[in-house]
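The values are calculated or read from the model by the stated rules, or taken from the named source; none is laboratory data. None of the values given here were measured: they were computed from a predicted structure. Cβ sites come from the backbone with ideal geometry, for glycine too, and all protein chains shown count toward neighbours. We work out accessible area using only protein heavy atoms, side chains counted, and drop any ligands, DNA or RNA first. Shrake-Rupley method; radii C 1.70, N 1.55, O 1.52, S 1.80 Å.
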Amino acid sequence: MTGKRALITGITGQDGSYLAEFLLDKGYKVYGMVRRSSSERMERIEHLRKQITLVKGELTDVLSLFEVVSQVRPDELYNLGAMSFVMDSFNQPAYTVQVTGMGAVNLLEICKRILPDVRFYQASSSEMFGQVQEVPQNEVTPFQPSSPYGYAKLLAHMHAIQCRREGLFAVCGILFNHESPRRGYEFVTPKISDAVARTALGLVEDGRAKVLTLGNLDSKRDWGYAPEYVQAMWLMLQQDEPDDYVLATNHQTTVREFVTLAFEHAGMSIEFRDQGAEEKGYDRATGRLLCQVSAEYFRPVDVVNLRGDYSKARAKLRWEPRTGIRTLAQIMVDHDLECVRKEISSGQIKRIDN
């Protein structure tokens, strides 16, 4: 048992829930900051509710943050809270900067003043690279963000570095895409795995099979497995000196390839159609689902060539990813197959052949 106290903002998200589990296993007393909103979703941490302590606070409210930090006085603070869906940031740029950027600034400034010995983890993002200057990207690659989310994260990242220069133990994890069954359904990988599960089990919605509609199928991403990435967050705070680290796999996969891998795992094929092609839907005779492209899901400015070089994390943290893209697709599809089977058994949805 370490006896250490850890505070996690964004504990109800994918990373927050996995990090809470990891720290509990290490013997930490875990506190999670949740918003005062009554609509806060707790599904990802429901199984941990008796083991963690939740405190109310808002990244946009300096006074509430002051109260949380004063009350908990953590040894380690993991700032994972953010307005995290990139597409939404184009529609809500000011709110994104306020929550994702200034929220981190608020926390860092409070820690400098009342908890200067805390070890602070800032969740940075590969989206800061934006229109990439080189491939792969590492800790010294120039940043050129191309979304409000990206430059909000860059604001938080740079302020963490500034606070480090002023003596705070602040580290930044520059995380590339990392997925899991706990990933929110507004993101592309769970949207795909859910479509695979529902097609494989013969489901119908609104009288017809669901068509999988996506954006840029040729966008390249570096996808890893989220539970492995939270371990590296903890390792960063155990080092003698604070620093920045890229967490990635150094492998690229297009959205199109991920779709194909996911359907192959369920023994199905997929037919891709360009934007504007006639909608066909699911063909029961051939076992194919149509994947069509829609401009609705394109970002105003897309990031298309992300691939991270995690050499520094491997050398200094002794960390490297273990789960490849094919295995990741299988994990997510198997999870969604189980979830959809439960929906069928409960009578919430019906099969095509019923």
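Things to note:
- Screening Glu186 on (1) part of a loop (DSSP other than H, G, I, E, B); (2) in contact with a strand residue (DSSP E or B) (Cβ under 9 Å, 6 or more places away or on another chain); (3) of a type outside the set (Lys, Arg); (4) open to solvent by 30 Å² or more (accessible area, probe 1.4 Å) shows it passes everything except condition (2).
- The one condition from (1) of a type in the set (S, T, N, Q); (2) within 20 Å of the chain's Cα centre (by Cα); (3) closer than 22 Å to Asp243 by Cβ; (4) surrounded by fewer than 23 Cβ atoms within 10 Å (Cβ to Cβ) that Gln162 does not meet is (2).
- Subset tally (residues that are free of Cβ contacts under 8 Å to residues at least 12 places away in the same chain and surrounded by 18 or more Cβ atoms within 10 Å (Cβ to Cβ)) for region 240-256: 0
- As a summary of the residue check, Gly103 satisfies the conditions (1) in contact with a helix residue (DSSP H, G or I) (Cβ under 6 Å, 6 or more places away or on another chain); (2) buried (at least 23 other Cβ atoms within 10 Å of the Cβ); (3) modelled with pLDDT of 95 or more except for the one numbered (1).
- Among the conditions (1) surrounded by fewer than 16 Cβ atoms within 10 Å (Cβ to Cβ); (2) free of Cβ contacts under 8 Å to residues at least 40 places away in the same chain; (3) within 29 Å of Met128 (Cα to Cα); (4) of a type outside the set (A, V, I, L, M, F, W, C), Asp25 misses just one, which is (3).
- Tyr185 of a type in the set (Phe, Trp, Tyr) and modelled with pLDDT of 95 or more: no
- Count of region 112-154 residues which are assigned to a helix (DSSP H, G or I), open to solvent by 40 Å² or more (accessible area, probe 1.4 Å) and touching a strand residue (DSSP E or B) at 6+ places or on another chain (Cβ under 7 Å): 0
- The C-beta contact set for region 311-325 (first residue over 15 Å from Leu175 (Cβ atoms), second residue in a loop (DSSP other than H, G, I, E, B) and of a type in the set (A, V, I, L, M, F, W, C), distance under 8 angstrom, 6+ apart or interchain) comprises Ile325/Trp223.
- Evaluating Val62 against the criteria (1) modelled with pLDDT of 95 or more; (2) crowded, with 17+ Cβ neighbours inside 10 Å; (3) within 30 Å of Ser146 (Cα to Cα) leaves one unmet condition, (2).
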